[in-house]
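The values are calculated or read from the model by the stated rules, or taken from the named source; none is laboratory data. Note that the structure is a prediction, hence the values are computed from the model and not measured. FYI the Cβ positions are ideal-geometry reconstructions off the backbone, even for glycines, and counts take in every protein chain you see. These area figures cover heavy atoms from the full protein model, side chains too; ligands, DNA and RNA do not enter into them. Shrake-Rupley method; radii C 1.70, N 1.55, O 1.52, S 1.80 Å.
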Amino acid sequence: NTCAQVQAPPIHLDLQTRRSGDGSMSVDITPLNSCRRVENPRSRLCSLRSRKILLVCVGNCAVACLSTCFYYAELHRFQAYPYFAAQLNACMGIAVAAAGLAVAKAVGRRHSSAPGASADDDALALQAPSAPTWRRWMELGVLLALQNTIEIASIQRIGNDNLPPILQQAVVPLTLLLSSSVLRVSYTRLQILGASLVVIGVGAGFVLSLIGTASDRSVSGTAIAWFLFSRVPQAFANVLAEGTLRGQEGIAWIFRATLYTALVGLPFNFLFAWLLSQVFDTHDLLDDYAGGLACLLEARGGPVGDSCRGAWRAALLFAVPGALYTLSEFQVLQQASATVYFLLAALQLPLQDALFALPFFRGQLHATFHPILVVQIAIVALGLAIYGRGVASTGADSDECERSTSLAEPTVVHGELSGR
């Protein structure tokens with residue numbers, strides 16, 4: 001029975017009996033084969049969980065820095081046409097995600113039809129939650145489109161480039177509250193302390209940059225309010241994405257999430273952009289699209305300036321890194337949580353500023369190095385470490401892994417039987 005619990009073959013025994021003069025019989029039981037340890041698929045997933053999450057988080061930071069380089073190059077060309085640029089990036093993301101999903105499905109079919117494929121896939125399929133419905137993809141697509149459009153419309157009107165990184169941190173406590181109420185996630189004091197340190201670390205550096213511009217009247221309170229409002233659909237979308245992708249193993253689900261949310265978001269990007277153009281009383285949305293298309297094609301006679309030179313090349317160079325960044329975002333939500341995603345995004349801010357201060361980066365990408373960046377990175381890294389320690393202290397995952405990898409040992413019995 002013990003061996004059966006870990007899917008091992010039965011033990012074969014060698015029984016040697018000796019009868020004594022008084023009629024009693026002594027039995028020595030020796031196992032000819034020991035019960036071997038057999039781990040089920042769930043136990044292997046548990047043993048690799050910590051390393052997998054770490055690799056996903058490191059990869060997300062690396063992809064974020066890479067995609068930011070190409071994004072700034074593209075933004076320089078389409079700065080006057082932000083809504084067209086958003087739709088263009090969504091279309092390129094759809095193309096990359098569709099190609100990746102097709103490859104992932106082909107590899108999955110080849111793996112499932114390969115001879116000798118174990119029953120591990122069947123066991124994992126039984127444990128996996130039901131697939132998300134199109135209603136859930138619709139909800140995620142609408143929330144992400146709303147967040148992206150409001151952010152585009154407001155961030156250019158705030159009036160100070162140091163304010164958005166500070167305002168962005170408002171999403172961390174909001175995500176903690178939504179995760180607790182929607183996903184029923186409980187947070188330890190260490191996790192709350194770590195998240196607070198991350199917010200403080202990011203905010204401290206940018207607050208110092210604001211001291212000299214505190215009396216600047218160009219800062220728009222209305223734009224700040226709209227930017228803060230854009231954090232609400234972002235937090236809701238990522239918490240819903242975490243609940244949707246939780247338990248859905250495999251890279252194919254990451255491609256699906258990227259593809260489906262982008263497809264749903266295309267018409268809503270246009271709808272929300274039109275509504276906000278009425279609120280902010282900006283130029284006509286169709287003019288934005290027409291000017292952006294002319295800039296992309298470098299059309300002669302159109303509203304094309306020197307900044308549009310090489311626009312199509314910049315857009316193509318950003319296509320793959322931009323899509324990879326979206327994929328890595330969903331992968332963090334799949335493997336870790338929405339809170340970890342926002343904490344990583346906070347870490348990327350000082351990392352990118354320090355990276356762009358290197359002599360290697362020139363022109364639009366070059367940034368001035370400030371010593372406060374080192375302090376920011378140290379505080380944010382410490383906050384992430386404390387948050388990770390808080391996750392480990394809950395012990396839920398470790399207990400589950402420990403139970404699933406228990407080792408059944410054979411029992412050698414030496415006893416005496418009394419009988420005739």
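Here are the numbers for this structure:
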| quantity | calculated |
| --- | --- |
| Condition met for residue 115 (farther than 14 Å from residue 241 by Cβ, modelled with pLDDT under 90 and surrounded by 18 or more Cβ atoms within 10 Å (Cβ to Cβ)) | no |
| Matching residues, the stretch 169-184, being touching a residue at least 12 places away in the same chain (Cβ under 8 Å), open to solvent by 40 Å² or more (accessible area, probe 1.4 Å) and not in a helix (DSSP H, G or I) | 170 |
| Residue list for the stretch 82-94, filter: over 16 Å from residue 67 (Cβ atoms) and open to solvent by 30 Å² or more (accessible area, probe 1.4 Å) | 91 |
| Exclusive hit being open to solvent by 50 Å² or more (accessible area, probe 1.4 Å), touching a Phe, Trp or Tyr at 6+ places or on another chain (Cβ under 7 Å) and either at pLDDT below 85 or under 29 Å from residue 246 (Cα atoms) (or both), set 155, 150, 166 | 155 |
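So that you can scan it fast, the table gives a plain yes or no per residue for (1) part of a helix (DSSP H, G or I); (2) without any contact (Cβ under 8 Å) to a residue 40 or more places away in the chain; (3) more than 15 Å from residue 326 (Cβ to Cβ):
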position	(1), (2), (3)
51	yes, yes, yes
70	yes, no, no
84	yes, no, yes
95	yes, no, no
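For (1) open to solvent by 50 Å² or more (accessible area, probe 1.4 Å); (2) closer than 23 Å to residue 262 by Cα; (3) modelled with pLDDT of 80 or more, each residue gets a yes or a no:
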| residue | (1), (2), (3) |
| --- | --- |
| 298 | yes, no, no |
| 307 | no, no, no |
| 329 | no, yes, yes |
| 338 | no, yes, yes |
| 345 | no, yes, yes |
| 352 | no, no, no |
| 361 | no, no, no |
| 368 | yes, no, no |
